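A short worksheet on the structure shown next.
The values are calculated or read from the model by the stated rules, or taken from the named source; none is laboratory data. Values in this document were obtained by computation on a predicted structure and should not be read as measured data. Cβ coordinates were reconstructed from backbone atoms using ideal geometry, including for glycine residues, and neighbour counts include every protein chain displayed. Areas reflect the complete protein model, heavy atoms only, side chains present, ligands, DNA and RNA absent. Shrake-Rupley method; radii C 1.70, N 1.55, O 1.52, S 1.80 Å.
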Amino acid sequence: MSDTQEVLTEVDNGVLIVTINRPEAKNAMTKAAAEGIAAAMDRLDSEDDLRVGILTGAGGTFCSGMDLKGFLRGETPSVEGRGFGGVVQAPPAKPLIAAVEGYALAGGLELMIACDLVVAKKGAKFGVPEVKRGLVAAAGGVMMLPDQIPERIAMELALTGDFIDAPRAYELGLINEVTEGSALDGAKALAAKIAANGPLAVKVSKQIVKDSRGWAMDDRYTNQAKLIAPVFVSEDAREGAAAFAEKRAPNWKGK
């Protein structure tokens, strides 16, 4: 495990685990932590051996939002081009899973919903309480929530600032799984399923899921064809078919 100031990174079987390491402050986001996360996301996308990322928080809390002490000093916990937490505006091309325990609030929720998948422990709480402080969820929460849950529920969360718990978040489709035990262990299990698949196919599948919502209906299949064509002629595509026929695990090369 390596420590980049306020962010810890660890590699486990092709999975890059990125931990916000400010437990004494409930992992409130600082400029240094945002820069550490941004660096980790660059590493995830640049190293071929890394297949999936997990973002989590130390000490039983995911992230309680912006560090208010830093805010009062004039600090912005963002990275140019990447936004809040070094990831909200520019997530990695490879899959990113949030492993949530404790609180994912304000910027912490925005950090979570910028991830592709979410595993949360049963006692976790979620919300955008900025309006209770006379503020607005400026790191994308009020824009991204309606893409992920029904608009009226997103409106309720944005206007009341109230929290929801993990079972309710699961019911709404905001998270993928609720665990009784460690959220990180649950996220690792999910990551292992993804990492076992063809890396080119996974990356392009993620891109299509994300991008296709902005495509005009008449352009959808044309745009998809451009993205999937290189996958279907890749070495991995042939390896996947051969491995299936030979009843063995595939040996992916990522090309």
Item to check | Those GluC sites (Glu not before Pro) in the stretch 1-67 that DSSP places in a loop and that have at most 13 other beta carbons within 10 Å | outcome: 47
Item to check | Normalised per residue, the volume of the convex hull around the Cα set of the stretch 1-91 (Å³) | outcome: 84
Next on the checklist: Please give me, ordered by residue number, the GluC sites (Glu not before Pro) of the stretch 116-196 that lie in loop per DSSP and have at most 15 other Cβ atoms within 10 Å.
Outcome noted: 180
Checklist entry - Tell me, what % of the accessible area of the stretch 97-255 is carbon and sulfur with a 1.4 angstrom probe? => result 57
Item to check | Positive-end residue, the chain charge dipole about Cα centroid, Cβ charges, pick of 194, 232, 5 | outcome: 232
Next on the checklist: Using Stokes-Einstein with the Kirkwood hydrodynamic radius over Cα pairs, what translational diffusion coefficient do you get for the stretch 71-210 at 25 °C and a viscosity of 0.890 mPa s, in µm²/s rounded to a whole number?
Outcome noted: 156
Checklist entry - Can you pull the Rg over Rh of the chain, Cα-only, Kirkwood? => result 0.99
Checklist outcome for this item: Rounded to the nearest 500, the 222 nm mean residue ellipticity computed for the chain from DSSP H runs (n ≥ 4, each -39500 (n - 2.57)) alone is -12000 deg cm²/dmol
Checklist entry - What does the accessible area of residue 94 come to, in Å² to the nearest 10, when a probe of 1.4 Å is used? => result 30
Checklist entry - Under a point-charge model restricted to the Cβ atoms of Lys and Arg (+1) and Asp and Glu (-1), what is the dipole moment magnitude of the chain relative to its Cα centre, in debye to the nearest 20? => result 220
Checklist entry - Summing Lys, Arg as +1 and Asp, Glu as -1, what charge do residues with Cβ under 13 Å from the Cβ of residue 45 carry, residue 45 excluded? => result +2
Checklist entry - Taking Cα centroids, how far is the stretch 130-153 from the stretch 190-255 in Å? => result 32
Checklist entry - Listed here are the pairs 69/122; 31/122; 203/247; 193/253; 121/193; which of them are more than 22 Å apart at the Cα? => result 69/122; 31/122; 203/247
